[in-house]
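Take a look at the structure below.
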Amino acid sequence: MTHYDFEVTGSKVARCHIKVDMVNDNFLELIGEIIGPPDTAYDGGKFKLEINIPDTYPFNPPKVKFVTKIWHPNISSVTGAICLDILKDQWAAAMTLRTVLLSLQALLAAAEPDDPQDAVVAKQYKENRKTFTQTARHWTNVYANGPHRECELEKILEQAKNMGFDEHKARVALSSSDWNLERATESLLTS
Amino acid sequence: MAEGNPPVESKILCRYFVHGVCKNGSYCRFSHDKNDKADNICKFYLRGCCSYADRCRYEHTKPKPNDVNRQKFEKNVYGLSVPPPQSYKTENNESNGMVSLKKVLKGDVTPSTPKSPENWVNAAEFIPGQRYISSTVPSSYANAATKGVETKDLTIYGDTDINYNSVLCPYSINKPCPYGDDCEYIHGEKCDLCGLAILLPDDKLQQQQHKQECLAQHERDMELSFAIANSKDKQCGICMDIVIEKQPKSEQRFGILSDCTHCFCLSCIRKWRASKQFDNKTIRSCPECRIQSDFVTPSSHWVEKKEEKLKLIEGYKDALSKKPCKYFDEGRSECPFNNRCFYQHLLPDGSKPPPSMYNKPRRRRHNADGELTDQERIFLWDFFEERQDLESFLLFEYLEDDLTSLLLSLHIGADSSDDSDSNYW
């Protein structure tokens with residue numbers, strides 16, 4: 001268990017804006033938190049992660065997923081599942097929770113749309129980067145306490161809410177349809 | 001030797017006889033006469049180091065001259081098998097058949113026949129690790145055999161005509177000699193390296209030889225201490241433990257990767273390389289830097305420098321090449337590493353296996369179409385080569401070309417035979 005001790009109490013953790021807390025008294029279930037990297041759509045957001053340590057750690061990677069909702073091509077906007085090679089087949093035994101969280105931070109800064117987890121987000125990222133950035137910033141603001149508000153998008157969302165739709169569902173539908181209210185309403189009604 | 005000899009009359013009472021348990025009976029070397037005195041003098045007292053002091057069950061008295069125990073006293077006190085200087089000797093030594101070393105060294109004494117059993121008790125004490133010198137010559141069968149021949153047996157102290165002034169006093173080597181300046185033996189000069197007063201002042205050759213030995217020993221010690229110092233704080237990148245502080249002691253071993261300088265303990269890196277859930281390339285690469293290494297070398301110390309690593313690997317391969325390969329099993333079975341295995345591949349008669357042993361006929365199998373095809377033999381080593389060699393890469397292209405032409409010919413063949421299932425392969 002010394003492995004985790006070292007990682008969790010490591011002094012470098014604080015400076016990198018990442019942290020790890022225990023859920024219970026054991027080290028097998030942890031809650032991680034990373035701050036969105038500056039100069040990105042996720043700037044200033046606090047993203048919570050669920051970390052499960054397998055018995056075979058560090059010979060197998062920890063199971064990590066986002067608890068905080070996030071709009072990112074490599075992270076599922078529905079489940080929070082992460083598509084990152086080091087959490088799968090590129091894991092190495094010398095990696096630590098610190099390196100994993102830093103890698104996730106780096107993933108937020110540099111998305112990989114060609115190897116997507118969320119195809120809708122990846123499509124938007126590739127075809128309509130401006131809308132993607134606005135959406136991601138809006139999601140960060142709403143779900144991760146990000147400091148930057150997207151008033152333009154909020155107005156459209158307000159309209160959808162006034163039509164009687166649930167706020168989160170409306171946000172997902174609008175985000176997925178490039179904030180086109182008509183298409184969003186259509187998909188909301190058909191689903 | 002004792003059998004057939006007459007019983008020996010010694011004047012020291014047998015201590016086993018006193019308790020009625022002497023197994024030697026009438027052949028005992030000690031006296032079975034209760035009037036004789038037992039040897040009850042504490043030999044540690046005689047050396048001045050009895051830790052029981054007043055509570056000792058043996059006598060704490062010094063033997064009187066002419067006492068039989070006197071010889072024992074001398075034997076104990078001058079236990080290093082060199083007899084005491086002449087001035088400390090009593091006259092009765094000669095009468096008891098003891099011959100002073102001084103005379104022996106001077107060549108005054110001619111080798112005599114082996115001593116009669118009554119003198120056995122006077123024999124010089126044997127101390128492990130030191131040369132045994134009997135109080136009389138000859139001291140060995142070899143010596144007895146060369147009786148009358150000019151003996152070189154005493155050359156440890158130089159030539160036979162050398163005087164005892166050139167014999168190094170054994171007491172003075174470690175600590176000051178109790179006889180101080182009165183000692184008739186030579187007191188050596190102190191060696192700077194080992195701190196022992198062992199250098200003969202007049203013998204340049206001995207000095208040089210000793211210094212060389214000392215220096216070599218010193219270098220070995222330094223190397224070892226450097227190695228220990230280097231390994232001191234080394235942390236395994238996987239378990240994060242300090243390797244040389246791991247418990248149990250068998251865990252305190254490093255697994256040295258041949259192509260990078262990252263530190264792991266042997267058990268962790270072996271476990272990582274044995275894991276099944278990742279592909280070969282991932283587990284064979286260093287968990288820190290992903291540089292691939294073909295094998296792990298166990299080491300009790302941390303080795304980082306290239307030359308040292310090469311030396312270590314060389315030693316490791318050397319050691320392995322002396323152990324028989326359990327997969328090869330003297331030719332009864334096959335080793336996946338073939339003739340490149342680090343372990344020893346020898347046939348039962350001790351000869352090396354011929355190259356043909358490694359080129360066994362190819363295995364044949366039925367492919368998906370039910371055709372009999374040759375199956376290539378797969379050797380683990382070929383995969384090692386593959387990533388080092390670009391040539392093998394080219395080979396792949398050739399294979400691909402071959403495959404295309406094969407498919408093409410099959411296609412043509414299928415067309416010509418007008419098979420309705422021609423698209424099926």
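The values are calculated or read from the model by the stated rules, or taken from the named source; none is laboratory data. Computed from a predicted model, the values in this text were never measured in an experiment. Using ideal geometry, Cβ is built from the backbone for each residue, glycine included, and neighbour counts are taken over all protein chains shown. Heavy atoms of the whole protein, side chains included, go into the accessibility calculation; ligands, DNA and RNA do not. Shrake-Rupley method; radii C 1.70, N 1.55, O 1.52, S 1.80 Å.
Can you say whether A:VAL67 is among the β-branched types (Val, Ile, Thr), in contact with a strand residue (DSSP E or B) (Cβ under 8 Å, 6 or more places away or on another chain) and away from chain B (no Cβ under 14 Å), as far as the supplied structure shows?
yes
From A:LEU30, A:LEU107, grab the single residue that is closer than 29 Å to B:TRP272 by Cα and part of a helix (DSSP H, G or I).
Only one candidate qualifies: A:LEU107.
Please verify whether B:LYS326 is in contact (Cβ under 8 Å) with a residue 12 or more places away in the chain and under 23 Å from the mean Cα position of the chain (by Cα), treating the condition exactly as stated.
no
If a residue must be at pLDDT 75 or above and open to solvent by 50 Å² or more (accessible area, probe 1.4 Å), how many such residues does the range B:163-192 contain?
So the count comes out to 11.
Only one residue in B:SER299, B:SER293 is among the small types (Gly, Ala, Ser), in contact (Cβ under 8 Å) with a residue 12 or more places away in the chain and within 14 Å of another protein chain (Cβ to nearest Cβ). Which one?
Every option except B:SER293 fails the conditions.
Show the residue pairs that are 6+ apart or on different chains and have beta-carbon atoms under 8 Å apart, the first residue being within the range B:238-258 and within 11 Å of chain A (Cβ to nearest Cβ) and of a type in the set (Asp, Glu), the second being assigned to a helix (DSSP H, G or I) and open to solvent by less than 80 Å² (accessible area, probe 1.4 Å).
B:ASP241/A:THR2
What's the number of the condition A:ILE86 fails, among (1) open to solvent by less than 40 Å² (accessible area, probe 1.4 Å); (2) among the β-branched types (Val, Ile, Thr); (3) part of a loop (DSSP other than H, G, I, E, B)?
For A:ILE86, the exception is condition (3).
If we keep just the residues of the range B:259-277 that are more than 33 Å from the chain's Cα centre (by Cα) and open to solvent by less than 20 Å² (accessible area, probe 1.4 Å), which is farthest from B:LYS234 (Cα to Cα)?
B:SER275
Residues that are closer than 17 Å to A:LYS65 by Cβ and out of contact with any Asp or Glu (no Cβ under 7 Å at 6 or more places or on another chain): does the range A:146-167 have at least one?
Scanning the range A:146-167 turns up no residue that is closer than 17 Å to A:LYS65 by Cβ and out of contact with any Asp or Glu (no Cβ under 7 Å at 6 or more places or on another chain).
Looking at (1) part of a helix (DSSP H, G or I); (2) within 14 Å of chain B (Cβ to nearest Cβ); (3) of a type in the set (Phe, Trp, Tyr), find the lone condition where A:TRP139 falls short.
(2)
Look at A:VAL13 and say whether it is part of a helix (DSSP H, G or I) and modelled with pLDDT under 90.
In short, yes.
If A:TYR125 satisfies every condition in (1) within 24 Å of A:LYS48 (Cβ to Cβ); (2) in a loop (DSSP other than H, G, I, E, B) but one, which is the exception?
(2)
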